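The values are calculated or read from the model by the stated rules, or taken from the named source; none is laboratory data. From a predicted model like this one, the values you see are computed outputs, not experimental measurements. Here the Cβ is made from the backbone with ideal geometry for all residues, glycine too, and neighbour counts use every protein chain on show. Accessible surface is based on the protein model in full, side chains and every heavy atom, while ligands, DNA and RNA are left aside. Shrake-Rupley method; radii C 1.70, N 1.55, O 1.52, S 1.80 Å.
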Amino acid sequence: MRRAVVNQARSVGRRRVVAMKHQHRLVAPTVEADRTGFADDREMLAEALAGLPLRQREAVVLRYYADLSQEQTAEVMEISVGAVKSNCSRGVAALAQLLRKASQ
């Protein structure tokens, strides 16, 4: 019994040494910080959102900021799921264009 305990303890120790040796490979490389939290970016986004037609703005905000599903968004807006999809698609495209213009 003593021998089994000693062998198990040694095995655990060896695994820890190997894990520590190769841990740097497991760590994800650092990614650039998300800039959407900065005040200037938020202001620019708010202005671009204000430039969207009401239905598109409502669909984009409910889907991507309130994080509602397409079905939930359709229910809140009292429109079909297909209309939510098209409003979101058009809204995101228009938003991208407005943001491109604003950043230039």
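Details
- Scanning the range 47-86 for residues that are in a helix (DSSP H, G or I) and closer than 21 Å to Lys101 by Cα yields a total of 9.
- Failed condition for Arg16, given (1) modelled with pLDDT under 65; (2) open to solvent by 90 Å² or more (accessible area, probe 1.4 Å): (1)
- Qualifying residue in the range 22-31 (condition: surrounded by fewer than 10 Cβ atoms within 10 Å (Cβ to Cβ) and either at pLDDT 80 or above or within 30 Å of Lys101 (Cβ to Cβ) (or both)): yes
- Note on the range 82-104: residues that are at pLDDT 95 or above and more than 21 Å from the chain's Cα centre (by Cα) total 3.
- Note on the range 84-104: residues that are surrounded by 16 or more Cβ atoms within 10 Å (Cβ to Cβ) and out of contact with any Gly (no Cβ under 9 Å at 6 or more places or on another chain) total 7.
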